[in-house]
Amino acid sequence: MEPAMVIEAARTTRNALAGAPRDAWSGEVPHLDWTVRETVAHAIKSAYFCGIDLAAGDLRMRAPSVVVDAEAPVDHLLDGLLGAARLTSHVVRAAAPHALGYDPDGPADASGFAAMCCAELLIHGWDAATGLAVPLTADARLASAVLARLFPELVPQGDPWSELLWACGRIALPGKGKRVNWTWWVRPLDEH
């Protein structure tokens with residue numbers, strides 16, 4: 001995972017959501033218990049924590065809190081996606097080659113945090129886009145990279161974006177039901 005991919009994921013999400021009517025942002029996301037605003041706020045918060053947790057190393061960051069105002073103006077939320085991505089991209093770029101940070105799924109390396117950040121931005125971006133009835137599609141190269149890093153056990157068989165949505169339990173694919181129990185691989189790939 002390249003640090004620039006984190007920025008690309010944020011831009012993909014930001015661009016998809018930016019054209020939606022502002023009054024629709026208070027609506028519910030059909031498959032979540034959140035509004036569009038809450039979903040985007042969660043994506044921003046998650047993206048910030050990817051950078052914070054990698055920078056903190058082996059410290060389990062329980063005391064710090066990232067607060068994102070879900071009721072902020074839409075333009076501020078859209079900018080928040082890019083700001084959080086920039087922070088994590090810089091931390092990933094600056095990380096030592098074997099640096100690890102705390103994650104509940106295990107110690108993650110820089111590529112794991114970059115992939116998690118991309119997934120949080122893209123998947124929750126897709127959730128928000130679904131609530132806004134606008135399309136969001138990730139570039140095949142980006143989706144392939146995230147899929148390969150977080151789900152190395154999966155053998156790609158079709159469109160990488162659809163497979164990433166399936167892997168994260170968002171959609172069913174032909175011959176594959178919707179995933180209910182899933183987790184991603186964040187530890188260094190050589191441990192898989």
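Of all residues in the stretch 22-42, those that are within 17 Å of HIS76 (Cβ to Cβ), in contact (Cβ under 8 Å) with a residue 40 or more places away in the chain and either of a type in the set (A, V, I, L, M, F, W, C) or not in a helix (DSSP H, G or I) (or both) total 5. Candidates in the stretch 122-178 are the residues that are of a type in the set (Asp, Glu) and in contact (Cβ under 8 Å) with a residue 40 or more places away in the chain; of these, the one that is surrounded by the most Cβ atoms within 10 Å (Cβ to Cβ) is ASP127.
Each residue in the stretch 31-48 was checked for being of a type in the set (Asp, Glu) and either open to solvent by less than 60 Å² (accessible area, probe 1.4 Å) or touching a Pro at 6+ places or on another chain (Cβ under 9 Å) (or both), and 0 of them qualify. Residues that are surrounded by fewer than 20 Cβ atoms within 10 Å (Cβ to Cβ), more than 17 Å from the chain's Cα centre (by Cα) and more than 14 Å from LEU136 (Cα to Cα) within the stretch 1-30 comprise PRO21, ARG22, ASP23, ALA24, SER26, GLY27, GLU28, PRO30, listed in sequence order. Considering only residues in the stretch 57-87 that are touching a Phe, Trp or Tyr at 6+ places or on another chain (Cβ under 7 Å) and under 18 Å from MET1 (Cβ atoms), the one that is least open to solvent (accessible area, probe 1.4 Å) turns out to be ALA84.
The values are calculated or read from the model by the stated rules, or taken from the named source; none is laboratory data. Quick caveat, the model's predicted, so the values are computed rather than measured. All Cβ positions, glycine included, derive from the backbone under ideal geometry; neighbour counts span all protein chains shown. Quick note on the areas: whole protein, heavy atoms, side chains included, nothing else; ligands and nucleic acids left out. Shrake-Rupley method; radii C 1.70, N 1.55, O 1.52, S 1.80 Å.
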